[in-house]
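Remarks on the structure that follows.
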Amino acid sequence: MSVDVETEQVDEPGWEVDPNDDWALAVIATVGRQLRLRREAAGMRAADFAVAVGYGEDMVYKIEGGKRIPRLDYLDTADRLLDAGGLISAMKEDVKKVRYPKKVRDLAQMEARAVELQLYDPLHIHGLLQTPEYSRALLSMRRPTYAAEEVERFIAARVSRKTIFERDPAPELSFVLEEWSLRRPLGGKPALRSQLAHLLEACGLRNVELQVMPMDREEHAGVDGGIEVLKFGDGSAVGRSPAVANGRPVSDPRQLRILELRYGIIRAQALTPRESTAFIEQLLGDT
């Protein structure tokens, strides 16, 4: 029976520890050590604890050894079984953060501080606007292929970043999307319909301006690639584009001015937000 449980749980998506992420390694090592010490203090063998939490014994050892990130419900169950008084459950906040790749955590932290975001993706619907179904279809098509757990991990990370839409006060969000990215049925037509409907919901938010760049435009300032500009409350900003500093984040005013100039021209060339909403409504009706 324990073998079946192990097979089911050992491949839980997105819970491997990145060996290059020092902070994640430290957090999970600390969590694992606390779990082991409390289990041993309670006089429970790993095999008995594994049965009680519904995991395989090997998985318990991996978690306690800092080699596997525990699920949040694992921590809650362990807290109850070991009578920890909420001390184990309290570790969930750090565990939630380290389950995502470091570069995603860093980006999410910057997005959490930003008061204005200007975002243009020439290839796909921007990650902050993607539904899980669209993200899964997109990630599954990458070559060389991602492992299944990598796909799920990236999806979970993108979903977690969407808390930016729930912030109060809300940041100003500006997106420019390419028409062709709204027409290509990645993942199938039902997935595309769901994605278009989700975009219309975003269009209705007061702090979101979403514009579509039509395919029939004869002039397009976005031919050099995507643009991201994040502005913060203290007046500083950071930007990124393949055409500037080889895609590395930049904060130099001169380079930021180039990015903002390009983004402003792209917005002027695209449909207005009102026209874009009507365009997406029409696409949804035709899909």
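Laboratory data are not the source of any read-out in this text; all were calculated from the coordinates shown. Because the structure is a prediction, the values reported are computed rather than measured. Because the Cβ atoms are built from the backbone with ideal geometry, glycine has one as well, and the counts that use them run over all protein chains shown.
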| query | Of 213, 134, 84, which is farthest on the positive side of the dipole of region 69-227, counting Cα position, with +1 on Lys and Arg Cβ, -1 on Asp and Glu Cβ, and the Cα centre as origin? | reply | 84
| Answer label for volume of the Cα convex hull per residue in Å³ (calculated), chosen among (i) 159; (ii) 229; (iii) 127 | (i)
| task | Could you work out the relative contact order of region 28-102, using alpha carbon pairs under 8 angstrom and six or more residues apart, expressed as a whole percent? | result | 33 percent
| Charged-residue dipole, Cβ positions (Lys, Arg, Asp, Glu), the chain about Cα centre, Debye nearest 20 | 440 debye
| query | Say we join alpha carbon atoms closer than 10 Å with springs in a Gaussian network model of the chain; which of 183, 167, 136 then has the biggest fluctuation? | reply | 167
| request: For the chain, build the charge dipole from Cβ charges (+1 Lys, Arg; -1 Asp, Glu) around the Cα centre, then report which of 195, 268, 243 sits farthest towards its positive end. | output: 243
| task | For each of 279, 49, 175, count neighbouring Cβ atoms within 10 Å of the residue's Cβ, then give the residues from fewest to most. | result | 279, 49, 175
| query | Based on the Cα coordinates of region 191-287, what is the per residue volume of their convex hull in Å³? | reply | 123 Å³
| message | Percent of Cα-Cα pairs more than 18 Å apart in region 2-98, please. | response | 39 percent
| message | If amide hydrogens are placed 1.01 Å from N in the peptide plane, which non-local residues have theirs closer than 5 Å to the one on residue 212? | response | 177, 271, 276
| query | In region 111-196, which GluC sites (Glu not before Pro) fall in coil by DSSP and have 14 or fewer other Cβ atoms within 10 Å? | reply | none
| remark: Non-local residues with an amide H under 5 Å from the amide H of residue 172, with H modelled 1.01 Å from N and Pro and chain starts lacking one, are 116, 117
| query | Ranked from highest to lowest mean number of other Cβ atoms within 10 Å per residue, what is the order of the peptides 251-262, 267-278? | reply | 267-278, 251-262
| Who wins for biggest fluctuation among 134, 74, 120 in a Gaussian network model of the chain, springs between alpha carbons below 10 Å? | 74
| query | With all pairs of different alpha carbon atoms counted, what Kirkwood hydrodynamic radius in Å does region 47-180 show? | reply | 17.5 Å
| query | Remind me, relative contact order of the chain in percent, using alpha carbon pairs under 8 angstrom and six or more residues apart? | reply | 17 percent
| request: May I ask you to sort 141, 91 by Cβ crowding, counting other Cβ atoms within 10 Å and putting the fewest first? | output: 141, 91
| Restricting to lysine pairs 8 or more places apart or on different chains, what number in the chain have Cα atoms under 24 Å apart? | 21
| said: Just to check, using Stokes-Einstein with a Kirkwood Rh over alpha carbon pairs, what's the diffusion coefficient of region 22-77 at 20 °C and 1.002 mPa s in µm²/s? | reply: 192 µm²/s
| said: Report, to one decimal in Å, the Kirkwood hydrodynamic radius for region 59-126 based on all distinct Cα pairs. | reply: 14.7 Å
